[in-house]
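Enquirer: Handing you a structure now.
Every number in this text was worked out from the coordinates using simple rules, so none of it is lab data. None of these values were measured; they are calculated from a predicted model. Cβ atoms come from the backbone with ideal geometry, glycine included; neighbour counts cover every protein chain shown.
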Amino acid sequence: MSTSISSAERSGLALGPMEIGDEEFNFLRHVVFENAGIALGPSKRQLVQGRLARRLRELQLRSFAEYCEHVRNSGPEELARLINAITTNVTAFFRENHHFEELAARMLPEAMSRNASSRRLRIWSAGCSSGEEAYSIAMTAAETLPTSPRWDLKILATDIDSDMVRTAAEGVYPDDRVAAISAERQRRWLQRGSGDNSGMIRIKSTLSSLITFRPLNLLSEWPIRGPFDVIFCRNVMIYFDPPTRERLLQRFADLLADGGFLCIGHSESIHGGSLPYRLLGRTIYGKVRVNSHDG
């Protein structure tokens, strides 16, 4: 009597129980791409294996084949856990600081001039990770805007990783994470913990109240109304293939005010004559003003 070997057994025999086989890697990269738009090339195989090994242990699964079966049979909660594990969250306060310098020197003054009658300013941190970018934007904006008359400033901060969004909304960090923030800013915007919270800092409510944190998949529907004066989307598009990047950039343009600004990551750029952007500075783009037309 012949005996067939399942994919799970084949993976275990050939690779060991906690190593990922071709079939399993290709399935997971397909799921991640279809649901998050993140393109995982062959070089990301070890990253996927390493990021998901902990999840396999939590579920007490013996192989990646078993995990793939679990993903197939589970609901959106496991899909969210998978995407959270795969996405890279590398951030810091005032990372790529030239964007914040230009936010104060050019972007906000131009937006204030454009919106002088409404006194309304809207900024979106798309891919906010654990919140440092959004809080850096808020510090810069709060220091730049005149205190009187008051401006209606609101910052939206979103990320596909729901765990990171929860961390960001809490606004609590180890004090070594704030080394890039000047002493003056630390005194103004941060509150140091004491006792059991010694060694931690909390963002003061005067700053955090400017920001709304929400989980959002950039490839899904956006329950968002513009226009935005500035959008930060830095080191996010590097995970997308070119057609996905172009669609995303067009969607950003649709929500940007004419003359609004888009900041992208240091290793990213915008190509394509059909996109309504022009390069204004290092990884800073302006939306080209468009004329109104019918239809």
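Enquirer: For a quick check: with amide H placed at 1.01 Å from N, whose amide H comes under 5 Å from Ser74's, ignoring anything fewer than 5 positions away on the same chain?
Expert: When sequence neighbours closer than 5 places are left aside, there are no close amide H contacts.
Enquirer: Run the paramagnetic zone check for His70: 7 angstrom along Cα to Cβ, then residues of the range 142-163 with backbone nitrogen under 15 Å.
Expert: Flagged as within label range: none.
Enquirer: Checking the a/c ratio against 1.5 first, then a/b against b/c, what shape does the Cα gyration tensor give for the range 87-233?
Expert: Verdict is oblate for the range 87-233.
Enquirer: Something else: Which translational diffusion coefficient, to the nearest whole µm²/s, is obtained for the range 7-86 from the Stokes-Einstein equation, given a Kirkwood hydrodynamic radius over C-alpha pairs, 4 °C and 1.567 mPa s?
Expert: 104 µm²/s
Enquirer: Report, as a whole number in µm² per second, the diffusion coefficient that Stokes-Einstein gives for the chain at 25 °C and 0.890 mPa s using the Kirkwood radius over alpha carbon pairs.
Expert: Calculated translational D: 116 µm²/s.
Enquirer: Whose amide H sits under 5 Å from the amide H of Ile160, counting only residues 5 or more places off or on another chain, with H placed in the peptide plane?
Expert: Close amide H contacts, sequence-distant or interchain: Leu216.
Enquirer: Let me ask you something else. Using the count of nearby Cβ atoms within 10 Å as a rough guide to exposure, how do Arg55, Arg72 rank from fewest to most?
Expert: Lowest count first: Arg72, Arg55.
Enquirer: Under the definition of Cα pairs under 8 Å and six or more residues apart, what whole-number percent is the relative contact order of the range 117-162?
Expert: 62 percent
Enquirer: Here's something else I'd like to know. Quick check: residue separation of Ile224 and Val288 times 0.36 nm, minus the Cα distance between them. What number comes out in nm?
Expert: 20.9 nm
Enquirer: Moving on. Just the Cα atoms of the range 76-165, one point each, no solvent: what log10 I(q)/I(0) does Debye give at q = 0.21 Å⁻¹?
Expert: -0.98
Enquirer: Along the Cα-to-C-beta direction of Arg166, a point sits 7 Å from the Cα; which residues of the range 58-86 have their amide N less than 17 Å from that point?
Expert: Residues passing the 17 Å test: 58-59, 76-86.
Enquirer: Which whole-number percent gives the relative contact order of the chain, counting Cα pairs below 8 Å spaced six or more residues apart?
Expert: So the answer I get is 16 percent.
Enquirer: Hey, another quick one. Full extension from Asp241 to Asp176: what is 0.36 nm times the residue separation minus their Cα-Cα distance, to one decimal in nm?
Expert: Computed gain between Asp241 and Asp176 is 19.9 nm.
Enquirer: Give the order of His271, His70, His99 when sorted by the count of other beta carbons within 10 angstrom, beginning with the fewest.
Expert: With the sparsest Cβ surroundings first, the list reads His271, His70, His99.
Enquirer: Using a simple spin-label model with points 7 Å from Cα along the Cα→Cβ vector, what separation in nm is obtained for Thr212 and His266?
Expert: Placing both labels 7 Å along Cα→Cβ, they lie 3.3 nm apart.
Enquirer: Okay, next question. Could you tell me the calculated FRET efficiency between Asp152 and Asp196, based on Cβ-Cβ distance and R0 = 41 angstrom, to the nearest 0.05?
Expert: 0.60
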